[in-house]
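Written below as structure tokens is the structure these notes are about.
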Amino acid sequence: MPDWPHAPVHRLTEAGAYMVTVGTYLKRPFLHSPDRLQLVHDALLEPALKYGWELQAWAVLANHYHFVALSPRNADTLTIFLSEFHTRTATALNALDAAPGRKVWFQYWDKHLTFMRSYLPRLNYVHNNPVKHGLVADAIEYPWCSARWFEENAPKGFKRTVRSFRTDRLDVPDDF
């Protein structure tokens, strides 16, 4: 089957590490308050666990989010996981705005990370995404990303290794 030229390609045939990026419809800042950011942040954890996706890094911002996760044996469950997550959060956000049926989420992009030199810089990128977007000076100050969790839980040597990777040349859809 040929690729569809108007949407991201999803090749979820192998287990492993994946980076996922999702934007809001028309890049609208639907998550414009701490309560909305918290709602989406918290809602991400449940379906990830339910479908066996081990989140390694995440960042939820006003009009997009990223995460890096280790897939279960069947990586194709990402589609079901995101569908459930997007339905739940869109319904909640639309209820807050009295806008039933409004489209909240747009397409998602995924990348299978097959090399450690691809995986580690993306961990660093996602942890520091709030800094990239000018929201905070230090990512651990941003409550809706994994930077503080990483700082408090990762072994010292691993933190140093992840931080040593440059992220400015990564090909990540992040023009939000």
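Placing a pseudo-label 7 Å from each Cα along the Cα-to-Cβ vector at THR161 and HIS32 gives an inter-label distance of 4.3 nm.
Measuring between their Cα centroids, the range 144-158 and the range 86-110 lie 30 Å from each other. Taken over the range 35-74, the convex hull of the Cα atoms encloses 59 Å³ per residue.
With θ taken as phi - 60° and the Karplus curve 6.51 cos²θ - 1.76 cosθ + 1.60 applied, the whole-hertz 3J(HN,Hα) list for the range 77-84 is 5, 4, 4, 5, 4, 5, 4, 5 Hz, x standing for glycine and proline. Computed on the range 17-163, with alpha-carbon pairs under 8 angstrom and 6+ residues apart, the relative contact order is 30 percent. The modelled label-to-label distance between LEU49 and ASP174, using points 7 Å beyond Cα along the C-beta direction, is 2.8 nm. Using every pair of separate Cα atoms, the Kirkwood estimate puts the hydrodynamic radius of the chain at 16.7 angstrom. Gain on full extension, evaluated as 0.36 nm per residue between ALA15 and THR87 minus their Cα-Cα distance, stands at 23.5 nm. Each residue of the range 162-175 was assigned a 3J(HN,Hα) from its phi angle through the Karplus expression (A = 6.51, B = -1.76, C = 1.60, θ = phi - 60°), giving 4, 5, 6, 7, 6, 10, 6, 10, 5, 9, 10, x, 8, 9 Hz with x at Gly and Pro. Taking every alpha-carbon pair within the range 82-176, the share separated by more than 24 Å comes to 37 percent. Across q = 0.27 Å⁻¹, the range 86-139 modelled as identical point scatterers on its alpha-carbon atoms has Debye log10 I(q)/I(0) values of -0.92, in the order of the q list.
Quick one: which residues, 5+ away or cross-chain, put their amide H under 5 Å from the amide H of HIS64? H built at 1.01 Å from N. The answer is THR24.
For TRP105, the residues 5 or more places off, or on other chains, whose built amide H falls under 5 Å of its own are TYR25. In the chain, the DSSP-assigned H stretches of four residues or longer account for a calculated mean residue ellipticity at 222 nm of -12000 deg cm²/dmol, using -39500 (n - 2.57) per stretch and the full residue count as denominator. Backbone geometry of the range 51-57 corresponds, through the Karplus equation with coefficients 6.51, -1.76 and 1.60 at θ = phi - 60°, to 3J(HN,Hα) couplings of 9, x, 8, 8, 5, 10, 7 Hz, x marking Gly and Pro.
Throughout, read-outs are computed from the coordinates displayed, never taken from laboratory work. As the structure is a prediction and not an experimental result, all values here were calculated from the model. Counting neighbours? That spans all protein chains shown, and the Cβs are built from the backbone with ideal geometry, glycine included.
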